[in-house]
Amino acid sequence: MSEFLRFLENEVQIFALTFMAVVYLIRLRWILKFTAAKERTPSRGDETAGIMYSYMTLAMPWSMESTSKRWIKYAEFVIFHIGIAVTITATFIIPYAPALINSPITVMVIQAVIAAAFIVGVMRLFRRFARPEMRVISSIDDYFSLFLLDFYLLSAFFGVPNNNEWALIAFFGLTTFFLIYVPFSKISHYLYFPFTRYYIGKHLGHRGVYPKKLYKQHKI
């Protein structure tokens, strides 16, 4: 390992992580200034149960029409995000616990997950360009972020074996860029997830809409 790669994997990553954490803390401080509005209507349900149900909808695709009727899209969502999570985990394993990926089989499994996520990412990018309804709601940041994520996954695929310095430089160079860029892009939507699901669950739980109940249809 060259001194430059060692510096890129350690000091540079620590600086970038610290920068992202500081930006996120500033954002969280701003978000926490807003509290959920107090309901003025009579309670017809359980707010706590509604909040818990709201958080669980991500793991219950059958509870939402958009995913219950499009299981392939949900599968794509899961594969893509698992691939991103594995890639992020690799940025910590390679410099600090490389022994965890010394096995060729382990490397192949990780590469397979990343490759699947990359294919899904390319499909998503293609749909944004090909479908008129997607182009209408897409911004430059949408295209750029998705393209960059695909390129990042590709760099991770070649960097995970941890035996090619140029591949590792590309991988950790993109990691550095992402850590600084993400807080200002749409990729940071995950930061708002806990808050939006809380507000939705509280509101719909109060009204008795969440948790959803299955009603049997009776013939008249």
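The values are calculated or read from the model by the stated rules, or taken from the named source; none is laboratory data. Here the structure is a predicted model, which means the values were calculated and not measured. Cβ: placed from backbone, ideal geometry, glycine included. Neighbour counts: every protein chain shown. To get the accessible areas, we keep the full protein, side chains included, count just its heavy atoms, and leave off ligands, DNA and RNA. Shrake-Rupley method; radii C 1.70, N 1.55, O 1.52, S 1.80 Å.
Side notes on the structure shown:
- Taken as a whole, region 204-217 holds no residue that is open to solvent by less than 30 Å² (accessible area, probe 1.4 Å) and farther than 27 Å from I51 by Cβ.
- Per the conditions (1) touching a Lys or Arg at 6+ places or on another chain (Cβ under 9 Å); (2) free of Cβ contacts under 8 Å to residues at least 40 places away in the same chain; (3) not hydrophobic (A, V, I, L, M, F, W, C), the sole criterion not satisfied by D142 is (2).
- Of the helices (runs of 4 or more DSSP H) contained entirely in region 1-77, those carrying at least 1 residues that are over 30 Å from Y96 (Cα atoms) and touching a residue at least 60 places away in the same chain (Cβ under 8 Å) fall at 13-31, 47-56.
- Checking T89 against (1) touching a residue at least 60 places away in the same chain (Cβ under 8 Å); (2) among the β-branched types (V, I, T); (3) closer than 29 Å to V182 by Cβ, the condition it does not meet: (1)
- Scanning region 166-205 for residues that are within 13 Å of the chain's Cα centre (by Cα) and among the charged types (D, E, K, R) yields one hit, K186.
- Yes/no for P211 being assigned to a loop (DSSP other than H, G, I, E, B), farther than 30 Å from F118 by Cβ, within 26 Å of the chain's Cα centre (by Cα) and of a type outside the set (F, W, Y): yes
- Check on T196, β-branched (V, I, T) and surrounded by fewer than 19 Cβ atoms within 10 Å (Cβ to Cβ): yes
- Summed over region 149-194, the residues that are more than 21 Å from L100 (Cβ to Cβ), of a type in the set (D, E, K, R) and in contact (Cβ under 8 Å) with a residue 40 or more places away in the chain give a count of 1.
- Residue check, L125 in a helix (DSSP H, G or I) and within 29 Å of F7 (Cβ to Cβ): no
- Pairs meeting the criteria (first residue in region 114-136 and on the phi < 0 side of the Ramachandran plot, second residue outside any helix (DSSP H, G or I), beta carbons under 6 Å, at least 6 apart or on different chains) are R128/S138.
- V160 falls short of the stated requirement of being under 18 Å from the mean Cα position of the chain (by Cα) and open to solvent by less than 20 Å² (accessible area, probe 1.4 Å).
- Whichever residue in region 116-153 is closer than 23 Å to P183 by Cβ and open to solvent by 60 Å² or more (accessible area, probe 1.4 Å) and, among such residues, is modelled with the lowest pLDDT: I137
- Selection of region 3-54 for residues being modelled with pLDDT under 90 and among the hydroxyl-bearing types (S, T, Y) yields T35, T41, S43.
- Residues of region 62-115 that are within 17 Å of the chain's Cα centre (by Cα), among the hydroxyl-bearing types (S, T, Y) and open to solvent by 60 Å² or more (accessible area, probe 1.4 Å): T89 alone.
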